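Just so it is clear, none of the values below were taken in a lab; they were calculated from the coordinates. Note that the structure is a prediction, hence the values are computed from the model and not measured. Cβ sites come from the backbone with ideal geometry, for glycine too, and all protein chains shown count toward neighbours.
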Amino acid sequence: MQYQKRIIEALIRQGKRGDAARLNNEILKEDSKDPDARALVASMLLDSGQISKAVSELQDVVNATPNNFVARYHLGRAHAARGEWEQARQQFVEAIRQRQDYLPARVALGELQLSRGEYDTSLQSAGEGKQKSRPLAEIGGSLSRPAFKSSPLME
């Protein structure tokens, strides 16, 4: 199953979300409670504007696997999409606490802080992120999608 999950990650990076979703569904057929597969479904729900469904699914995943920093990041995105800034902040901070070099959560937290006018805090977070983060290419990350669409910086 780990092999399938790596293929899914590669497909997403290549922009082949439909292929990734189909492979993810195969994982869910084998194990309907797989937290990574469920988090991916929720992330896709969020990206398609189905925010309430995404929040519900991500909250279930986080409740079942509290140390799932990726699910927490996406739950933060979902809260931000709803305008629930404090809940979003809490999820981003917890994702970072769990994995200090997880760049998407750091970027999302910085965007949130900037959008709320917390410039000093954002600079402090950015400085901490620079010290803790590995090079983006090393972790296979992508900054092509904003953490949340409601940021004035993204408009």
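Here are the numbers:
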| read-out | value |
| --- | --- |
| Ranked MET1, MET44, criterion: other C-beta atoms within 10 Å, fewest first | MET1, MET44 |
| Per-peptide average of other Cβ atoms within 10 Å, ordering 71-79, 18-26 highest first | 71-79, 18-26 |
| Phi-based couplings in Hz for the stretch 17-34 (Karplus 6.51, -1.76, 1.60; Gly and Pro marked x) | 5, x, 5, 5, 5, 5, 5, 4, 4, 5, 4, 5, 5, 6, 8, 5, 9, 4 |
